[in-house]
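Student: Mind having a look at this structure? Questions to follow.
Please treat every number below as a calculation from the coordinates, not as lab data. Quick caveat, the model's predicted, so the values are computed rather than measured. In this analysis, Cβ positions are derived from the backbone assuming ideal geometry, glycine residues included, and neighbour counts consider all displayed protein chains.
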């Protein structure tokens, strides 16, 4: 916003111009007076006086020339006043001495053109001349001392009044200049603040755009002259015009805020936050001030945050669905294991296992997968799975791997990186049916990208995996929904739509981040950020997959609120040799344990009343070494952390087979035997 378009009459430049005009005006009046006086003297017959007076005319011209050459109002004004004195002296005697009364013009002119001090000096000169020197020099016959004294007094009064007026005016000018400087400084601060907050400021009327700030060029690429060639509405996106018209045409007019798109000089649309402020003035003139700022990044971050919240909500929903589905799978697996081994029973178990993998993907997206993070060598993992990744690709797809020779460690769940790479490579393959190039690069990076920081990803050390394909890319709409569960651009029944959704959940749960960059015709870049680790790698624990232990005669309390799941688990425990007592809730199980200590307790976690973790705590208060297996369709990391602090408790995620449950119970019984020996 430029300075206000008006000129201060007290500005030094304008003051100098005023004095110059006053001097020239005074010279013009003096010249005219001299001409008239000369004519009068000639008429009265005072030829000599008329000649002397006429000689002052070229002197006035000389003063004017000096002024134009030196540009000094002060020098020219002193010369002008001196000429007035000379004229008075010449004109003093022949008219009987009455011209002495004109000496009051001297201090008046001096104060007006030269200021207070000059006014005082020339007042003294005028008083001395009128009251003393004039009568002595000329001594006209009819001149009286009273006339000289009266002229001196009049000159003193006029001079004093002129000095007071000029002093007051000068003081007012000085104060006005100070206020003007303060006002301009305040205006500059407001302008700086306004244009730093809202770079694009325009003033519009019915005639068009009256003013545009320099920031318009930064926002939209137009200069002020270019931007003023059209109406403001000519730059607004057609979809945003109705809302803008509604606000601008409101009666009575009032200020508003809107997010609108304006056309950039290069043709694309720019999102701006705009404030409109109507200006009071002529009722026939529709005057508005608009202030705008760029909110491209802000909107992008807001959309990403909204997408993150939407995905989080969908994740909780997916986890809830997976929990219920896992309960159903537990029943299916439990019943199928009771069937005689045949092709049909094996098909059922295989289908249930595949369904379990599907729910595992849902649980990963819902942030409910309790897979512990360890230190893994990313380079080693990728080189291990490279042959498998290449086998997934079509022969016409070139695969290029670029990774360092030395180990690159990340703090991530063992085995999860394999699943992520398989999903991403599979997606890349589907995106390049006609062949292309797929590149996998490993780098070390710090997450400083604003779009990641806005989603809460800390700016820390990360292992960056970039998967770049040369496929057709994705549209903005597809890119926006890429991580949504069951969202797929593939034909119906050719994909689950959970690939990228499960990748998103796994990565987020592991403390990392994933982002996609894509546009139509330019391929896709998937950036995977895994937390960097500097600790040595840990070898995963090996379990015995061929456990066939039996627990004949041992008493087990089974706590499960779902009757179908409870029946299936009861049959499975009985097949392992347990004497099973069932309870539908925690309070009932406590009463059973109070009557006689069980050998093992198997309990669901999510139940009405007492949760499984609370039940375990109450049981361990009475029987500290009692083995308790907690089972749930929710694989919650918080539960795993809780179990890690209770040596005689373990966790098993549904669905599972009887053998899996047997191995978990056997580990707890072995641990119990060791604790019993110590105690």
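Student: Give me the Kirkwood hydrodynamic radius of region 150-219 in Å, from all C-alpha pairs, to one decimal place? Present the calculation step by step, with values, prior to reporting the outcome.
Tutor: Numbers: mean 1/r = 0.0609 Å⁻¹.
Evaluated over region 150-219, this radius sits at 16.4 Å.
Student: Work out the P(r) tail for region 600-664: percent of alpha carbon pairs separated by more than 16 Å, whole number. Each step should come with its number before you reach the end.
Tutor: Working: 846 of 2080 pairs.
When every Cα pair of region 600-664 is considered, 41 percent fall beyond 16 Å.
Student: State whether region 555-678 is rounded, prolate or oblate according to the following rule on the C-alpha gyration tensor (a ≥ b ≥ c being the square roots of its eigenvalues): a/c under 1.5 gives rounded; otherwise a/b larger than b/c gives prolate, and the remaining case gives oblate.
Tutor: On the way: a/c = 1.17, a/b = 1.15, b/c = 1.01.
Rounded.
Student: Please rank 183, 25, 198, fewest neighbouring Cβ atoms within 10 Å first, as an exposure proxy. Could the numbers behind the result be given before it?
Tutor: Values: 183 13, 25 10, 198 21.
Ranked by crowding around the Cβ, least crowded first: 25, 183, 198.
Student: Please give, to one decimal in nm, the separation of the simple spin-label points placed at residue 172 and residue 286, each 7 Å out from Cα toward the Cβ.
Tutor: 4.3 nm
Student: Something else: Debye sum, Cα scatterers, region 177-264, no solvent: what log₁₀ I/I(0) at q = 0.16, 0.19, 0.23, 0.26 1/Å?
Tutor: -0.77, -0.99, -1.24, -1.36
Student: How would you rank 651, 578, going from fewest to most other Cβ atoms within 10 Å of each one's own Cβ?
Tutor: Values: 651 22, 578 25.
Final ranking by Cβ density, sparse to dense: 651, 578.
Student: Taking the number of other C-beta atoms within 10 Å as the exposure measure, put 235, 179, 211 in order starting with the fewest.
Tutor: Working: 235 21, 179 12, 211 16.
Least to most surrounded, the residues fall as 179, 211, 235.
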